[in-house]
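The values are calculated or read from the model by the stated rules, or taken from the named source; none is laboratory data. No experiment lies behind these values; they were computed from the predicted model shown. Cβ: placed from backbone, ideal geometry, glycine included. Neighbour counts: every protein chain shown. Quick note on the areas: whole protein, heavy atoms, side chains included, nothing else; ligands and nucleic acids left out. Shrake-Rupley method; radii C 1.70, N 1.55, O 1.52, S 1.80 Å.
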Amino acid sequence: MKIKIILIVLAIILFSSSVIAVDNCTSYDHLGCYGGNAYWFDSCGNPEYVSTYCNVNQECIDGKCISFCGNGECQSDKNEDCSSCSQDCACADYEQCSWGTCKTYCGNGRCDGDENCWKCSTDCSCDSDEKCNYPGVCKTYCGNGKCDGNENCQTCHDCSCESNEDCSPSSSNADSRGCVDRCGNGVVDYGENCQTCPEDAGCSEGMQCYNNGCVECFKDSHCESRDVPIGEFICSSDFKYTLEKVTRTQGICSYNKCSGEKIETTKQASYCGEKLCQDGECGCKPKYAACQKSGKCEQQSILEDGQSCSCYFQCQSNYCDPSGKCVKAINAPLTTSSELLKVGETAKITISADNALGYDIPTKITLNTDSGILMSGIVGGADCSGNQCTGGEIMIQSKGRVSIIVDITAQSYGKHILTATVIPTIGGQQYPKEEKIEIVIINPIDGICSEGETSQNACSDCGCPGSTSIYEYVCKTDYSCKKSIKWHLYLLFTAAILLIAFSIYSVPRAKSYYLRLTANRDKRTAEREHNEFKERKKIVSALYRIKKDIKIDKPLPIEKVISKARLDNADPDLVHEEYIELLDKMRKVNELSGDKKEEAKKILKEPIKHLAQRFCTGCGSPLREGTKFCTKCGRHTKK
């Protein structure tokens with residue numbers, strides 16, 4: 001308690017001293033700055049009241065708000081910008097102030113910053129031969145009248161060619177437009193003549209170019225003993241030269257033609273030598289060869305044995321004997337054990353040489369193939385390996401035969417030619433003869449159906465034929481397609497056999513069972529109809545007994561009829577049916593008159609006989625009107 005009293009006394013003393021101190025300071029003593037504004041301070045230096053609030057463009061100095069906007073210095077640290085102080089922070093001529101920031105703008109006459117032809121066409125306009133494409137790139141375009149970098153005569157009409165030019169940009173002779181001058185292409189094109197393009201449309205020898213056309217002459221000097229080529233060539237009589245046909249003229253020029261004597265003759269064109277001339281050209285045509293003995297080109301392999309010959313190549317046997325007859329001296333068939341191989345497989349090549357002459361013939365045999373086949377064996381004592389076999393000389397006995405067998409191994413797939421050259425020497429002269437055979441090598445697992453491959457030897461590459469409704473094909477391990485019947489057809493076939501067997505076994509039994517069922521059903525039906533007929537007889541007899549109580553104009557209800565006739569145990573449907581039948585007959589009798597009515601009344605007195613006309617008395621089956629026999633039991637019906 002004493003402590004609390006002491007604390008209260010100390011607090012009072014402190015408060016009193018502060019009040020005394022405050023009371024000693026003079027208010028509104030001087031102006032100063034506080035918190036960016038002009039304040040009144042007391043003499044003790046304590047801020048009292050705001051004298052003036054300084055705005056954003058002013059600062060407080062010595063108790064006064066002094067504006068710093070307009071001092072010519074843009075002071076960003078004092079929040080000066082183009083919006084707050086445009087005097088000090090003015091934007092350039094090509095800029096606008098936007099929320100305190102100077103920015104370029106579209107329409108300032110300069111293509112600035114991110115401006116382009118798409119965003120600001122007034123400042124970033126394209127050239128007259130360009131168009132602005134999104135996203136703002138100026139590009140040349142077809143139709144601007146200039147053939148620009150990526151345009152050519154095929155892509156743009158600005159690069160169209162002249163009438164004497166062709167459009168071919170891919171040509172090495174094309175200019176920047178892709179055009180090629182037709183003059184010099186070796187073809188006389190439209191518009192070319194001997195004056196505009198002498199390279200292509202120049203005049204032939206002996207002709208003159210005049211007024212864009214070729215003429216014989218346009219002055220007399222052109223007709224002074226000259227030869228005008230006709231453009232045809234022939235062979236000389238010894239077939240060693242080619243001769244050119246010409247027209248030799250002499251005279252004066254009249255109307256661009258030489259008048260005077262004209263003689264058709266020939267002049268020597270070229271020397272052919274041992275190549276000989278054929279059809280006006282040096283060298284023999286295909287399937288012909290130069291025969292020096294006959295002095296002309298002779299057809300190869302055309303003459304059969306016994307026909308006259310000049311050179312050996314004329315004979316099919318490739319030998320012309322000294323008497324000038326074709327003779328089959330050496331027959332050399334070339335065969336193979338297989339013309340189709342897989343990579344890695346081997347085959348045997350057999351070359352046989354038959355001597356048909358009466359003396360021994362030394363013969364050299366060579367075998368050659370490409371790099372896709374390797375050979376091994378011995379030919380003429382020489383060991384064959386690789387793809388070339390140059391064997392030694394073999395002596396073939398008179399009327400004898402020599403056979404050589406060489407093994408080959410398939411190396412790379414494709415079509416390969418194996419050539420055997422048989423060179424017999426007869427009378428000191430060699431008569432070479434070639435035999436060729438084609439070997440096709442396949443690679444059935446490379447995924448490519450190449451030449452020679454089929455579904456039967458390379459099914460993994462070429463695939464198997466498509467399945468049909470009956471058969472399907474499967475690629476086997478030997479790369480051939482196996483044809484087999486579809487599995488579900490086997491099931492159907494098995495099911496059909498089982499069904500036939502089941503039918504053979506079960507049909508007689510089923511038939512017997514069916515006949516028993518039918519007989520039992522007919523028996524039950526007959527018994528039911530017979531019992532029903534007996535009941536009908538009972539019902540009819542009972543109804544006819546109460547016939548006098550039945551009035552046609554006012555029939556009794558069926559319930560009273562059943563009670564009156566004592567038919568409580570009878571089938572109500574049968575009672576109702578016979579009751580309706582009785583009423584119907586009674587009406588018909590009343591409608592009759594005279595004897596017919598009396599006769600009808602007699603019938604009504606015999607109800608059972610009348611019932612027998614509607615139902616069979618034997619089996620009880622219903623009868624059709626006029627029926628004489630029952631269709632079920634065969635009994636004769638009563639009339």
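Laid out as a table, the results:
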{"item": "Estimated inter-spin distance, THR335 and ASP305, nm [label 7 Å along Cα→Cβ]", "result": "1.8 nm"}
{"item": "Residue-averaged [θ]222 nm for the chain, counting only DSSP H segments that reach four residues, each worth -39500 (n - 2.57)", "result": "-7000 deg cm²/dmol"}
{"item": "Accessible area of LEU341 in the full protein assembly, 1.4 Å probe (Å², nearest 10)", "result": "10 Å²"}
{"item": "Solvent-accessible area of CYS44 with every protein chain in place, 1.4 Å probe, in Å² to the nearest 10", "result": "70 Å²"}
{"item": "Around GLY295: net Lys/Arg minus Asp/Glu count, Cβ-Cβ under 14 Å", "result": "+1"}
{"item": "HN-Hα J in Hz across segment 88-101 - Karplus 6.51, -1.76, 1.60, θ = phi - 60°, x for Gly and Pro", "result": "8, 10, 5, 7, 5, 4, 9, 10, 10, 8, 10, 6, x, 10"}
{"item": "In Hz, Karplus ³J(HN,Hα) per residue of segment 311-319 (6.51, -1.76, 1.60; θ = phi - 60°; x = Gly, Pro)", "result": "10, 5, 5, 6, 7, 5, 7, 6, 8"}
{"item": "Only Lys, Arg (+1) and Asp, Glu (-1) charged, at Cβ; the chain dipole about Cα centre in debye", "result": "10480 debye"}
{"item": "Efficiency of FRET from Cβ geometry, GLU232 and TYR255, R₀ 35 Å, rounded to 0.05", "result": "0.85"}
{"item": "Exceeding the 22 Å Cα-Cα cut-off - candidates LYS342/LYS482; LYS538/LYS560; LYS325/LYS433; LYS348/LYS399", "result": "LYS348/LYS399"}
{"item": "Among [x] 31.4; [y] 29.2; [z] 119.4, the entry derived from the coordinates for mean projected area of the Cα convex hull in nm²", "result": "[z]"}
{"item": "Rounded FRET efficiency, nearest 0.05, which uses the C-beta distance separating ASP279 from THR454 and R0 of 41 Å", "result": "0.40"}
{"item": "ILE404, ILE302, reordered so the largest accessible area comes first (probe 1.4 Å)", "result": "ILE302, ILE404"}
{"item": "Förster-model FRET efficiency, 51 Å R0, TRP118 and ASP446, C-beta, rounded to 0.05", "result": "0.40"}
{"item": "By accessible area with a 1.4 Å probe, ligands and nucleic acids excluded, highest first: order of TYR431, TYR190, TYR134", "result": "TYR190, TYR134, TYR431"}
{"item": "Amide proton proximity set for TYR210, modelled H, under 5 Å, gap of 5+", "result": "VAL215"}
{"item": "Amide H partners (placed H, <5 Å) of ASP42, local residues excluded", "result": "TYR28, ASP29, GLU48"}
{"item": "Radius, Kirkwood style, for segment 186-324 when every pair of distinct Cα atoms is counted (Å)", "result": "18.2 Å"}
{"item": "Solvent accessible area, Å² - PHE502, 1.4 Å probe, full protein context", "result": "130 Å²"}
{"item": "Fully extended contour minus Cα-Cα distance, from ASN24 to GLU59, at 0.36 nm per residue", "result": "9.4 nm"}
